[in-house]
Protein chains: 2
Amino acid sequence: MSHLGYPCLMALDRDHVLRSAAALLTRKSTATMDEVAKAAGISRATLHRHFAGRDALVRALEQLGIAECEGALDRARPEEGSAAEAVRRLVREIQPAAGLLAFLYGENQLWEGDRQNEGWQRLDARIGALFQRGQRGGEFRIDLSPVWLTEALYGLIASCAWATLDGRVASRDFPTMIAELLLGGALRREEP
Amino acid sequence: MSHLGYPCLMALDRDHVLRSAAALLTRKSTATMDEVAKAAGISRATLHRHFAGRDALVRALEQLGIAECEGALDRARPEEGSAAEAVRRLVREIQPAAGLLAFLYGENQLWEGDRQNEGWQRLDARIGALFQRGQRGGEFRIDLSPVWLTEALYGLIASCAWATLDGRVASRDFPTMIAELLLGGALRREEP
DNA sequence: CTTCAATGAGACATTGATGTCTCATCTGGG
DNA sequence: CCCAGATGAGACATCAATGTCTCATTGAAG
């Protein structure tokens, strides 16, 4: 065992706890610390040894969500190829984190404060830049601002995540439903 | 003054309280009964005379939200003209209730129960029927299910309502942003 | 085997929101 | 004026979640 100040197993456990909490809070955002602990298979005492309190847990989940988003954005290579294809890649890569994002999206507590986590600003900027690239390249229409398109993307991800949990949308359709609606809309394209 | 069991002014006040609560809870969904009372300009005691408790208040807001949606749907005349125009009318009519809907949308408590208010089912059916009409008429694409389009509409309304509160989207752009994205998507149409 | 960090179980106090109650005050109708 | 109903203010108990604490047990390294 470690004779350092940092326990060696907690780092691994912490990630497991975090993901269990994400999965539970996605379904029940008001879950108790007790329920979170049970879902992770640990005691409430141990949970408190990992996270000082509920607030710290939510903040950690926020960090995880940001990290997952940035990872998805990196893997999606937003500067490569057509903007539309980049958006499709992004949606596909982001699907595993959709539940967590939906939870965070509904956690108003995170947005009420005067200062929000700057990670979201970075993400907004990167996603907004992708939409802007599409506009500059004549691929996307210019009457829908990049800011709104970014916001809409988040909203559709959360909507589809919840609809998936309720069984109203099949999990395998997630990327298509979001990307197709966001890019093409409901109107049928004219035959070329 | 009334000698009946039902006070005569409470009916009027009740509506005012309900709308104040909606406005407050839209901004701060975790607001206390005390804050709700203050926002309505009444005391907590009086608030409790109107609504048995927080749960009853939320249920009443849910009813109000359903009623506003049905009213908007009626005024939008979903059976009339092109489906796309009907959707545009619907979004326009629903804007005043968007904040309330966004609050209700995030109130997971309403959806966790085994049985949800049947008003939502009626609304889902009516809105779904509108999208289906557009599909049957060859106006909308058929690879996006009416259920998903309905869900997406709710999600975009909530997104835009929050973005409007934060000043990221102008209030006057609300109908356009939602309807244009939902109908046309981000992709630029080919020149005919 | 010994040791020690990590854990689980549970007791305990605290906190914040809630629901209920009483009582003084206000107000409009008779 | 007088009164009944409505209100506001506040005291009070309750309740659930939280945060903190202790202590016995476990388990793996030395």
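The values are calculated or read from the model by the stated rules, or taken from the named source; none is laboratory data. If you're wondering where the values come from, they're calculated on a predicted model, not measured in any experiment. Here the Cβ is made from the backbone with ideal geometry for all residues, glycine too, and neighbour counts use every protein chain on show.
Given the conditions (1) polar (S, T, N, Q); (2) modelled with pLDDT under 95; (3) surrounded by 17 or more Cβ atoms within 10 Å (Cβ to Cβ), which single one is not true for A:Q109? Looking at each condition in turn, A:Q109 falls short on (3).
Condition check for A:L100 on (1) in contact (Cβ under 8 Å) with a residue 24 or more places away in the chain; (2) within 11 Å of chain B (Cβ to nearest Cβ): one failure, at (2). Does the stretch A:117-124 contain any residue that is under 24 Å from B:G106 (Cβ atoms), within 16 Å of DNA strand C (Cβ to nearest atom), part of a helix (DSSP H, G or I) and not assigned by TED's automatic domain parsing to the domain that holds A:R14? Looking for residues that are under 24 Å from B:G106 (Cβ atoms), within 16 Å of DNA strand C (Cβ to nearest atom), part of a helix (DSSP H, G or I) and not assigned by TED's automatic domain parsing to the domain that holds A:R14, one finds none in the stretch A:117-124, hence no. Number of residues in the stretch A:125-160 that are hydrophobic (A, V, I, L, M, F, W, C), part of a helix (DSSP H, G or I) and at the interface with another protein chain (Cβ under 10 Å from one of its Cβ atoms): the value is 10. Each residue in the stretch B:90-145 was checked for being more than 22 Å from A:A158 (Cα to Cα) and small (G, A, S), and 5 pass. When B:R49, B:R54, B:R75, B:R89 are checked against the criterion of being of a type in the set (D, E, K, R), closer than 17 Å to B:T150 by Cα and either over 14 Å from the mean Cα position of the chain (by Cα) or within 11 Å of DNA strand C (Cβ to nearest atom) (or both), a single residue qualifies: B:R89.
Screening B:R141, B:R115, B:R136, B:R92 for residues that are free of Cβ contacts under 8 Å to residues at least 12 places away in the same chain and surrounded by 17 or more Cβ atoms within 10 Å (Cβ to Cβ) leaves exactly one candidate, B:R141. Among the residues of the stretch B:150-161, are any within 26 Å of A:E107 (Cα to Cα), among the charged types (D, E, K, R) and out of contact with any Leu (no Cβ under 6 Å at 6 or more places or on another chain)? The answer is yes; a qualifying residue exists. Here B:V169 passes the criteria (1) assigned to a helix (DSSP H, G or I); (2) facing another protein chain (nearest Cβ under 7 Å); (3) among the β-branched types (V, I, T) except the one numbered (1).
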